1. Between region 44-111 and region 308-344, how many Å separate their Cα centres?
2. Can you give the FRET efficiency for residue 299 and residue 27, using 1/(1 + (r/R0)^6), R0 = 22 Å, r = Cβ-Cβ distance, to the nearest 0.05?
3. Scan (1) 1.28; (2) 0.94; (3) 1.03 for the value of Cα Rg over 2.2 N^0.38 Å calculated from this model and give just the label.
4. Quick one: divide the alpha-carbon radius of gyration of region 136-211 by 2.2 N^0.38 Å and tell me what you get.
5. What translational diffusion coefficient, in µm²/s and rounded to a whole number, does the Stokes-Einstein relation yield for region 114-264 at 4 °C and a viscosity of 1.567 mPa s, taking the hydrodynamic radius as the Kirkwood radius over Cα pairs?
6. Pull out the extension gain between residue 157 and residue 271, defined as 0.36 nm times the separation in residues minus the alpha carbon to alpha carbon distance; nm, one decimal.
7. Computed FRET efficiency, Cβ-Cβ of residue 340 and residue 407, R0 30 Å: what is it to the nearest 0.05?
8. Structure shown: which of 329/375; 105/205; 205/296; 92/218; 228/344; 110/198 lie over 31 Å apart, alpha-carbon to alpha-carbon?
Amino acid sequence: MIPYFENSSLYHMKEMHHAGMAPIRMMANATKHMFSNPLHPMSYTGLGKQVAAASELLERITQSYPKPEFGLNTTEISGKNIDVWEEVVLEKPFCKLLHFARDTKRKDSKILVVAPMSGHHATLLRGTVEGLLPHHDVYITDWTDAREVPSFSGTFDLNDYIDYLIEFICHIGEGVHTMAVCQPSVPLFAAVALLNEKNHPCAPKTMTLMGGPIDTRKAPTQVNSFAKERPIEWFESNVVTRVPLNYPGFMRRVYPGFLQLTGFMTMNLERHVGEHIKLFNHLVEGDGESATSHRKFYDEYLAVADLPAEFYLQTVSEVFQKHSLPQGKLMHHDRRVRPDAITKTAILAIEGELDDISGVGQTKAALDIATGLKKADKKYHLQAGVGHYGIFNGRKYRELVRPVITDWIESHR
């Protein structure tokens, strides 16, 4: 029998802290509403606005954030607003394959967007999907928070991830195009290589890799160095814990999303502190538009999901420590993944000039190891002036990156 309290203190501390802060959150919420109520005289004074703003900040930094909705209900095609709705086309224990159905008879190219399983929900790619919808028939992997998956559903590792992708690609059918954002670049590359090796009719037409850790030996970042400097046993002992009793995944071993979030926040702590100071000033000044924009971003960014421990540890070992894929040593179950087997799927590698998570050159390495592809079926795009998230979200993604993706897909349709 596995003892429940084995390495479970991390989650208990987090849950106790959240519960202990409940009275403070309630007080902050009440104060915020009191001093922003138009019937309260103090709400029109500088002091009252400052109290309301400080109360909102206190409430936000002490609460947990639920999984957001995609909320993509319309898109614009040929100058007309077109209805969009989500449909689950395939459901697995650890993932749902979502389709953004559009109310149009136009037959656009199908694209599977592989969202990262790295601590955030697939809704982090809302902007990515929104930019693709006017031009493509979009599917996305909506990974399930591991703490919500009952233990009787079994484990989930990197091999299972690749199996899921192969099944999703084949379910969508022939002629599909694929895109991986960040972490899933390695498992998608592996899935595509395996399909190409089998000469499978569902091997994708194209594969777009965006800011992915194909070869982290190139331009290693702080994230890469952290993973490389410690043995895998350190990660298993220090950051893997068990899901508490109050979740469906009770007893499941996970890498908690709140730890991943903590790591990302501390990497750019000054920036995040500065953004919250800006929110305070926006609220005091009555700049509702800027305050809403801040809330929207951080409601998404602070909503985190747990990763299955098996998947997390195998990814750290194979991708960040052993560099198995670029060395031709990555195994999928008992079969070696051969990068040179990719002969039918054209590859587009996209990187951000200022990316501090996947350094410049790590994604481009995919073009170098796919030696079976013709030069005409390989393309590299370095987007100037953007960091990791700017590759797939924001104005430069919409105006500069997305058109490159669409042109690449259409040229290999």
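Computed from the coordinates by the stated procedures, all read-outs in this text should not be read as laboratory data. These numbers were taken from a predicted model, which means no experiment stands behind them. Here Cβ is always computed from backbone atoms with ideal geometry, including for glycine, and neighbour counts include all displayed protein chains.
1. One Cα centre to the other: 33 Å.
2. Values: r = 21 Å, r/R0 = 0.97.
Efficiency, from the Cβ-Cβ distance: 0.55.
3. (3)
4. Numbers: Rg = 13.1 Å, N = 76, 2.2 N^0.38 = 11.4 Å.
For region 136-211, the normalised Cα radius of gyration comes out at 1.15.
5. On the way: Rh = 17.2 Å.
My calculation gives 75 µm²/s for D.
6. On the way: separation 114, 0.36 × 114 = 41.04 nm, distance 3.37 nm.
Taking 0.36 nm per residue and subtracting the Cα distance, the gain is 37.7 nm.
7. Rounded to the nearest 0.05, the efficiency is 0.70.
8. Values: 329/375 24 Å; 105/205 22 Å; 205/296 35 Å; 92/218 35 Å; 228/344 34 Å; 110/198 22 Å.
Over 31 Å Cα-Cα: 205/296; 92/218; 228/344.
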